[in-house]
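Student: One structure, pasted below without further comment.
The values are calculated or read from the model by the stated rules, or taken from the named source; none is laboratory data. For clarity, every value in this text was computed on a predicted model and none was experimentally measured. Positions of Cβ are generated from backbone atoms using ideal geometry, with glycine treated the same way; all protein chains shown enter the neighbour counts.
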Amino acid sequence: MNNKIKERIIDELANGSFVSGELIGSQLGVSRAAIAKHIKSLIQMGLEIYSVTGKGYKLSKPLTLLDQQLINQQLRMRDINSKVEVHSVIDSTNSYLMRSLPDKLTQGQVCIAEYQSAGRGRRGRQWISPFGSHVYLSMYWYLEQGMSAAMGLNVVAAMAISDAIHDLYNIKVQLKWPNDIYLQGVKLAGILIDLEGQALEPCHSVIGIGLNLAMPEQSAEQVDQPWTDLQTQTEKVIDRNALVIKIIESLKIRLLEHQEKGITDMVEQWRLQDHFYNKAVKLVTGAKETFGICKGINNQGALLLEIDDQIKPVYGGEVSLRAAQ
């Protein structure tokens, strides 16, 4: 019920007009004080709302909400068979799809959220997810080839994000192994792959994407690493609906390519956008640090690290790649 009330308040506020707390409270059958508590909660979720005595509540700027019907309609027009669900508030788009395995999902099904209360990054990190500011998107993909094919999914997702941003905004991003998208040398987006299945059997995967679009000031204070967002890098006004449609389209194209022939043709494309290619790097695994020269990736999606004139593949796991200091 609480989420429904929040959704109704957001719908009323979205166009940027003043909304009377007393009026909306009477419409929803709750007190004015209850509306005030929900407004406080929405502010904590990243919405910039202010109040004026006698007028009510107002967003600092109008909010364009994700439109589930529009997104599904546009995908059908492009012959993209992906069922899309849009949620106002959710714990995590990846977690939601993982809870739905296996019988409640269809190939390419997508979950998108306006806000994540428990957004996840790699290695258990929190993904800051302010309401209506960014893209939080996850897609389910069944891997007939099994766990071995899952190794290249981070490459597939990174290339798809790159494709979408370049097609819409003519911006060329950089790629950082294993799961980051960079722009102007700092983080723009991240990828999280969740898997379920046995090593030698077909398995389920959920590909999660978090993409910074227009970071609210109060949310920026919570991010513990250098970042950028897409809106500061383009003069075009970003249409989130158009962007998520393009990401879904690009991701499906890249996944079908991966299904047919792996990431062989993506390896050279990755190298051309590799943020660390031919640079001195530090690979951190727990307390261990390994230094070498980044030489891109191989056909399985492993990092190629040159150490003492020998190139060694480094496969995924709890690792972090950084510039050598």
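Student: Looking at I9, I71 in this structure, which one is in contact (Cβ under 8 Å) with a residue 60 or more places away in the chain and touching a strand residue (DSSP E or B) at 6+ places or on another chain (Cβ under 8 Å)?
Tutor: None of the other options fit; the residue is I71.
Student: Grab the helices (runs of 4 or more DSSP H) fully contained in the range 4-79, keeping just those with 3 or more residues being within 30 Å of I253 (Cα to Cα).
Tutor: Helices (runs of 4 or more DSSP H) meeting the threshold: 68-77.
Student: While we're here: Answer with yes or no whether K104 is more than 23 Å from N241 (Cβ to Cβ), not small (G, A, S) and not in a strand (DSSP E or B).
Tutor: yes
Student: Is it true that K288 is charged (D, E, K, R) and closer than 21 Å to D309 by Cα?
Tutor: Against the criterion (charged (D, E, K, R) and closer than 21 Å to D309 by Cα), K288 qualifies.
Student: Considering only residues that are small (G, A, S) and in contact with a Pro (Cβ under 9 Å, 6 or more places away or on another chain), look in the range 262-316 and name the one that is surrounded by the most Cβ atoms within 10 Å (Cβ to Cβ).
Tutor: Out of the qualifying residues, it is G301.
Student: What strands (runs of 3 or more DSSP E) lie completely within the range 242-325 and have 1 or more residues being among the small types (G, A, S) and more than 22 Å from the chain's Cα centre (by Cα)?
Tutor: Hits in the range 242-325: 280-285, 288-297, 320-323.
Student: Still on this model: Under 6 Å by Cβ, and 6 or more places apart or on different chains, what pairs join a residue from the range 163-178 that is closer than 17 Å to G208 by Cβ and not assigned by TED's automatic domain parsing to the domain that holds C294 with one that is of a type in the set (A, V, I, L, M) and in a helix (DSSP H, G or I)?
Tutor: Final answer for the pair search is A164/I247; L175/A158.
Student: Continuing with this model, one more query. Could you say which residue among D163, D194, D239, D180 is of a type in the set (D, E) and surrounded by fewer than 18 Cβ atoms within 10 Å (Cβ to Cβ)?
Tutor: Going through D163, D194, D239, D180 in turn, the sole match is D239.
Student: Is one or more of the residues making up the range 145-152 polar (S, T, N, Q) and over 30 Å from P62 (Cβ atoms)?
Tutor: Yes: one or more hits.
Student: Just checking, which of L283, L230 is farther than 30 Å from I71 by Cα and out of contact with any Lys or Arg (no Cβ under 6 Å at 6 or more places or on another chain)?
Tutor: Only one candidate passes the filter, namely L283.
Student: Separate question: Hey, could you check the range 31-62 for residues that are exposed (fewer than 13 other Cβ atoms within 10 Å of the Cβ) and among the hydrophobic types (A, V, I, L, M, F, W, C) and say which is nearest to F18 (Cα to Cα)?
Tutor: V52
Student: Report the residue count in the range 73-87 for those that are surrounded by fewer than 19 Cβ atoms within 10 Å (Cβ to Cβ) and either under 10 Å from I112 (Cα atoms) or of a type outside the set (K, R) (or both).
Tutor: So the count comes out to 6.
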